[in-house]
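See below for the structure under consideration.
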Amino acid sequence: MLDILLLPVLTDNYIYLLHEPVSGATAVVDPAIAEPVLAVLQENGWQLDYIFNTHHHHDHVGANLQLRQATGCKIAGAANDSTRIPGIDIALSDGDCITLGDQTFQVICTPGHTSGHIVYYCADSQALFCGDTLFSLGCGRLFEGTAEQMWHSLQKLKNLPSDTRIYCAHEYTQANGRFALSLEAHNLDLQHRLMEVAALRANNQPTLPSTIALEMATNPFLRENSTSLRAAISASPDDSPVTVFAKIRKLKDQF
Ligand code: ZN
Ligand code: FE
């Protein structure tokens, strides 16, 4: 199993440090800044082997070159985005695998937030590092992709085992929850989750990881088939799941 450390940085970003204790192999997911990563590596006596980037935005790749210079690590990112991932050494495509000691990560392309976004799924540790594709109670904004692309990307994540832990790149849960509640005030799972989230945030604790099961029960962007949600946005019976998803995304942008 992986040891997974969560480092809160900037306003609301999370950097994840992954350590496989048998081999000692270590990776960092989406390092926005270098200092806290270097500090944790030093504290634990770990050697950084890889950076795993989900997409090219600065708050995810900001420390790539500094960390590589300091540690000699290799930088993995999307082949589709090789011109935008600083220092990319390992270009990954959908279905590719990358290993950290005895742990294998499967790469899944999830265009929508950006055209080259990828996520890293580790079945061995039941963990998904999903960058800005899926958030707890939300999903990434559509900067480069269409609603249809993002919907397809999210379907791939929905199909992962329901106990998969999801490690998103931002702490947006509480704000996302206000929007989710505006659509599904009577959803008991959502009410419970928001009470838990409020208690965690009051103590400055992360609301992550979430799980696929929890998101399926509470996240409006995974619930386009829910009757109550469809009613809340006045979807017509002929509206396809993609159309409903697009409407929810638009409502969230204006919320
Ligand atoms: Zn982003
Ligand atoms: Fe981001």
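From largest accessible area down, sort Met150, Met1; use a 1.4 Å probe on the protein chains.
Largest to smallest exposure gives the sequence Met1, Met150.
At 222 nm, what value in deg cm²/dmol follows for the chain if DSSP H runs of at least 4 each add -39500 (n - 2.57) and the sum is divided by all its residues, to the nearest 500?
Using -39500 (n - 2.57) per qualifying helix, the result is -10000 deg cm²/dmol.
As I understand it, the value is the acute angle between the Cα axis of helix 35-44 and the longest principal axis of the Cα atoms of the chain; what does it come to in degrees, rounded to 10?
Roughly 60 degrees between the two axes.
Using alpha-carbon pairs under 8 Å, 6+ residues apart, how would you state the relative contact order of the chain in percent?
Relative contact order, the chain: 13 percent.
For region 155-199 and region 102-154, write down the distance between their C-alpha centroids in whole Å.
Spelled out, the Cα-based centre of one part sits 16 Å from the other.
To the nearest 20 debye, what is the magnitude of the charge dipole of the chain about its Cα centre, counting +1 on the Cβ of each Lys and Arg and -1 on the Cβ of each Asp and Glu?
640 debye
Please check: in the Gaussian network model of the chain (C-alpha springs, under 10 Å), which one of Ala180, Ala202, Ala217 has the largest mean-square fluctuation.
Among Ala180, Ala202, Ala217, the largest mean-square fluctuation in the Gaussian network model of the chain belongs to Ala202.
At 7 Å along Cα-to-Cβ for each site, give me the label-to-label distance between Lys74 and Thr227 in nm.
5.2 nm
DSSP beta bridges in region 36-147, what fraction antiparallel, as a percent rounded to 5?
Once the DSSP bridges in region 36-147 are tallied, antiparallel ones form about 70 percent.
With a 10 Å cut-off between alpha carbons and a GNM built on the chain, which of Asn203, Asn219, Asn64 moves the most?
Judging by the Gaussian network model, the answer is Asn203.
Order Glu35, Glu20, Glu144 by their accessible area, 1.4 angstrom probe, all chains in place, largest first.
Glu35, Glu144, Glu20
In straight Cα distance, which lysines are under 21 Å from Lys252, not counting same-chain residues fewer than 8 positions off?
Lys252 reaches Lys158.
Relative to the longest principal axis of the chain, what angle (0 to 90°, nearest 10) does the C-alpha long axis of helix 188-202 take?
40 degrees
In region 123-165, whose amide N lies under 17 Å from the spot 7 Å out along Cα-to-Cβ of Val22? List them in ranges.
Zone members listed by number: 123-127.
Please express the Cα-Cα pair-distance distribution P(r) of region 3-254 as a list of whole percents, one per 5 Å bin, running from 0 to the bin with the greatest distance.
1, 6, 14, 18, 20, 16, 11, 7, 4, 2, 1, 0
Can you give me the accessible area per residue for the chain, using a 1.4 Å probe, in Å²?
That works out to 42 Å² for each residue.
Round to a whole number: what % of the accessible area of the chain belongs to carbon and sulfur, probe 1.4 Å?
51 percent
By how many degrees, between 0 and 90 and to the nearest 10, does the Cα long axis of helix 147-158 differ from the longest principal axis of the chain?
70 degrees
Give the long-range amide H neighbours of Leu134: residues separated by 5 or more places, or on another chain, with amide H under 5 Å away, using H modelled in the peptide plane at 1.01 Å from N.
Answer set, sorted by chain and number: Gly140.
The values are calculated or read from the model by the stated rules, or taken from the named source; none is laboratory data. Computed from a predicted structure; not experimentally measured. We place every Cβ from the backbone using ideal geometry, glycine too, and count neighbours over all the protein chains shown. Please note that ligands, DNA and RNA were not included when accessible areas were found on the heavy atoms of the full protein model with its side chains. Shrake-Rupley method; radii C 1.70, N 1.55, O 1.52, S 1.80 Å.
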